[in-house]
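Only one structure is covered here, and it is reproduced in the block below.
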Amino acid sequence: MKKQLRQLATIVALFSAVVVEAEVQLPNIFSSNMVLQRDKAITVWGTADSGEKVAVKFNGKRVTAVADQNGQWKVTLPAMPHGGPFALEVTGKDNAVILDNVLIGDVWLCSGQSNMEFGLNSALTGEEEIPRSGNEMIRLFTVPKVIHTQEQYDAGEAMWWVCGPESSAGFSAVGYFFGKRLQEKLDVPIGLINSSWGGTDIETWTSWEASMQNSEYAGFSGRSLEEALGYTMEDVRRFNADLKNDPAIKDKWYDPASSVEGWKQMEVPKTWDGAWGQEDGIIWFRKTIELPADAAGAAGVIHLGPIDDEDVTWINGERVGSMGFWMAERTYEIKPGILKAGENHIVVQITDTAGAGGMYGQADQLFLEVKGSIYPLAGMWACKPSVLSSSYGFQTRGNGPNSFASLLYNGMIHPLVGYGITGVIWYQGENNAGDAFRYRTLFPNMINDWRNQWGDEFPFLWVQLASFMAEAELPKESEWAELREAQNMTLHLPKTGQAVITDIGEAFDIHPRNKRDVGLRLAHAALKVAYGQDVLPSGPVFEHMELQGERIILTFSRIGNGLSTLDGGPEVKGFAIAGEDQHFVWADAQIRDNQVEVFCDAIKTPVAVRYGWADNPIQINLINSDGLLASPFRTDSWKGLTEK
């Protein structure tokens, strides 16, 4: 740990020197402890003075380049087999940057939303895994979270770490278990780059160029992202600066003597709406309440219910509390001496940065409690904004990662483009479930986009959505099932694979904690798709159906030595069957001669079956000889919930 901190200090010092003296430098994806991709040409790039000659030495090879008029340079080293550790030396006219403990091996980019971001320290087996995670052959890099309206050159302040308890705990649990299994199986160095952000849509991870293929953004063709947005990152920086330093504080809006002339009236509790319905920023709320003489100087408690996102609360000009947790109820003690007889002024500054803003609880959650008496606070409040996103050019709510396409691609993927990788593992889709039909095109479009950006048709593997929400008593339509279908359909792209995890979801937790099996299943797919090993890449895949009287016979590929069930029994769970009326009922299903027969006495003339077609199909149990689950599927193409 001390060694790594010294290396970090060295890098920071070098960065500072570069700023002052324009010395040669590298983006942060290049640091000590990194892994460079084996068996592919190695690209290294950086900045220096315009026209400056830069030399790069690595593993017995030396190449040079001259910085262009923008001060950018790039060199290409020949492909090399796995090995190390080595030192990489970059020399300019006035300085040299030396990166040590560099390995050559396989690099995997781990990306997606919260289930990829989910840290090892929160995983089901994390507590026992972290102490034994030390492995010199595994290296970890986490891309800092940042949105940007322009493609970025650098990934922000970050560095590579040797895998160990200090570095693995907060790293992606799925990525860690994936990399650990590959390192065990392949006996080569593994580098893992975690670039993920919870609660994000696939559109924000797609480049602006490729976003023109999406119907939602096609109308912006020929315009830059900033032209389409109507604002720049400088506007975002000004907005964020004013969020931190609200100008209304300087003007003392919390002071009872402050004028309320021009303030609007709004009924509370409710989220702010009307003129502010699509706004983020800061809005102040003020209410005057009459208290009796015996309340003067008494202690009390103010209850404001839940507030979205942050608040600071004053009574009679005295600050009584603040909180930054958007779902928590606000309950603040009022010290003796603040309250007085007659008029008392309550002022609440509310800051909102995503979603709806305001006091949004129930009326009976808002009250003042003084000496055993309750004084309701629900009703009309005066309100006035001090900072509004529209003043900075934001046309829709928020400036977060989902507010427009490409914002995370620009800030968190583009800085990595060109850094050699074996492939990508991806865990995302929950946020797009309500638009699953479009995901059929959005997902392959992003995969092709990343491959085009790298100029490499690298393997791309993903996790199918886990089981989530309550189990259905009867068969019904499901957005999550439709998203899984869109993921299945994306397997038509070359060099793709999928990990099915419906058996390890959690009904009431969108973040199932068993990340170990997720990583292992992704690694199993990688052994086939990326490394060509003689394993099955997935569970059984539905191929075709045949009607035989009152039964439907299903044939599958990728069965290996044959079909079976998780418990070894003859019954296949999770099937539903329908006739021409498209009304599905639960069905019986059995394995016969490595096919599945599906039937129901109530359906004499079946035309379609569905398997695991539900939000939470945790009971499905059809597997192949490698023990891999069959994905949920359907034989019909009837219009679903998300097809517009």
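Some observations on this one:
- Sparse-neighbour loop sites [trypsin sites (Lys or Arg not before Pro); the stretch 368-474; at most 13 other C-beta within 10 Å; DSSP]: K371
- Taking the centroid of alpha carbons for each part, the stretch 176-193 and the stretch 608-644 are 31 Å apart.
- Among the GluC sites (Glu not before Pro) found in the stretch 565-634, those both in a DSSP coil and sparsely packed, with 14 or fewer other Cβ atoms within 10 Å of their Cβ, are E580.
- Using only side-chain charges placed at the Cβ, +1 for Lys and Arg and -1 for Asp and Glu, the dipole size of the stretch 317-428 relative to its Cα centre rounds to 180 debye.
- Beta bridges assigned by DSSP with both partners in the chain are antiparallel in approximately 80 percent of cases.
- About the centre of its Cα atoms, the stretch 43-145 shows a dipole size close to 440 debye [charges on the beta carbon of Lys, Arg (+1) and Asp, Glu (-1) only; nearest 20 debye].
- Proximity of backbone amide H atoms, modeled 1.01 Å from N, is registered between F171 and L120, N121 at under 5 Å, excluding neighbours fewer than 5 places apart on the same chain.
- Gyration tensor (Cα) of the chain, equivalent ellipsoid semi-axes in angstrom: 46, 39, 22
- Each of the peptides 339-350, 409-420 was scored by the mean count of other Cβ atoms within 10 Å over its residues; in descending order, highest first, they stand as 409-420, 339-350.
- Overall form of the stretch 61-157 per C-alpha gyration tensor (a/c, 1.5; a/b vs b/c): oblate
- Cα Rg, Dmax, the stretch 568-644, angstrom units: 13.0, 41
- Taking the average, over residues, of other Cβ atoms within 10 Å as the packing measure, peptides 265-275, 310-320, 80-90 rank 310-320, 80-90, 265-275 from highest down.
- Here the convex hull built on the C-alpha positions of the stretch 377-512 has a volume of 199 cubic angstrom per residue.
- Within the chain: Cβ-based charge dipole about Cα centre, in debye rounded to nearest 20 (Lys, Arg +1; Asp, Glu -1): 1520
- By the rule of a C-alpha distance below 14 Å, with chain neighbours fewer than 8 residues away ignored, the aspartates and glutamates paired with K250 are D242.
- Karplus-derived HN-Hα couplings along the stretch 158-167 (A = 6.51, B = -1.76, C = 1.60, θ = phi - 60°), whole Hz, x at Gly and Pro: 7, 7, 6, 10, 5, 5, x, x, 6, 9
- Selected from H583, T206, A436, residue furthest toward positive end of dipole (the chain; charges at beta carbon): T206
- Across the chain, the mean sequence separation of Cα contacts (distance under 8 Å, 6 or more residues apart), normalised by length, yields a relative contact order of 13 percent.
- When you filter the GluC sites (Glu not before Pro) in the stretch 458-527 for DSSP loop state and at most 10 other Cβ atoms inside 10 Å of their Cβ, you are left with E473.
- Highest mean packing comes first when the peptides 39-47, 175-183 are listed by Cβ atoms within 10 Å, giving 175-183, 39-47.
- Relative contact order of the stretch 541-634: 33 percent, from C-alpha pairs under 8 Å at least 6 residues apart in sequence.
- Long pairs among K145/K495; K185/K528; K74/K145; K270/K371; K476/K515, criterion Cα-Cα beyond 21 Å: K145/K495; K74/K145; K270/K371; K476/K515
Readers should treat all values here as calculations from the given coordinates under stated rules, not as data from a laboratory. All figures in this text were calculated on a predicted structure; none of them were measured in a lab. As a convention, Cβ positions derive from the backbone with ideal geometry for all residues, glycine included, and neighbour counts pool all protein chains shown.
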